[in-house]
1. Kindly indicate which of 82, 59 is touching a residue at least 40 places away in the same chain (Cβ under 8 Å) and over 12 Å from residue 9 (Cβ atoms).
2. Is it the case that the stretch 36-52 has a residue that's part of a strand (DSSP E or B), at negative phi, under 10 Å from the mean Cα position of the chain (by Cα) and modelled with pLDDT of 95 or more?
3. For residues in the stretch 53-76 being closer than 25 Å to residue 1 by Cα and at pLDDT 95 or above, which is farthest from the chain's Cα centre (by Cα)?
């Protein structure tokens, strides 16, 4: 069984999380500059068996797509052309950044470290992936 990889796509940075090979545990992997994302994924897919990618779906409170959704759609199109063998699923990511900061606070992370946007993005990707795993195990 291959891993599932999740992306918290952003204009500047993208947080990345991945499951274990049994697809049971979501763990933060890294954060990469979005401009370098496809190249990073290409290298990662050469080293690891990934069977699916989950991309966060940012929505507003009224359930309409957020402003970055157009960019995410373009990214998914480019991703599909470069990696046609990998299916892409979407997962609602409302509140993932707020939940990531809350998790950092509860985990005792110092305020200076909580300001690190890359750490927030990586934790957000982990929350998106965990949410996806939970929704598929119902």
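1. Numbers: 59 fails: touching a residue at least 40 places away in the same chain (Cβ under 8 Å).
The match here is 82.
2. So the first thing to find is which residues in the stretch 36-52 are part of a strand (DSSP E or B), and the list is 50-52.
Applying the additional criterion that residues be at negative phi yields 50-52.
In the following step, the residues that additionally are under 10 Å from the mean Cα position of the chain (by Cα) were identified as none.
No, the conditions are met nowhere in the stretch 36-52.
3. 76
The values are calculated or read from the model by the stated rules, or taken from the named source; none is laboratory data. What you are looking at is a predicted structure, and each value in this text was computed from that prediction instead of being measured. Heads up, the Cβs are rebuilt from the backbone with ideal geometry, glycines too, and the neighbour counts pull from every protein chain shown.
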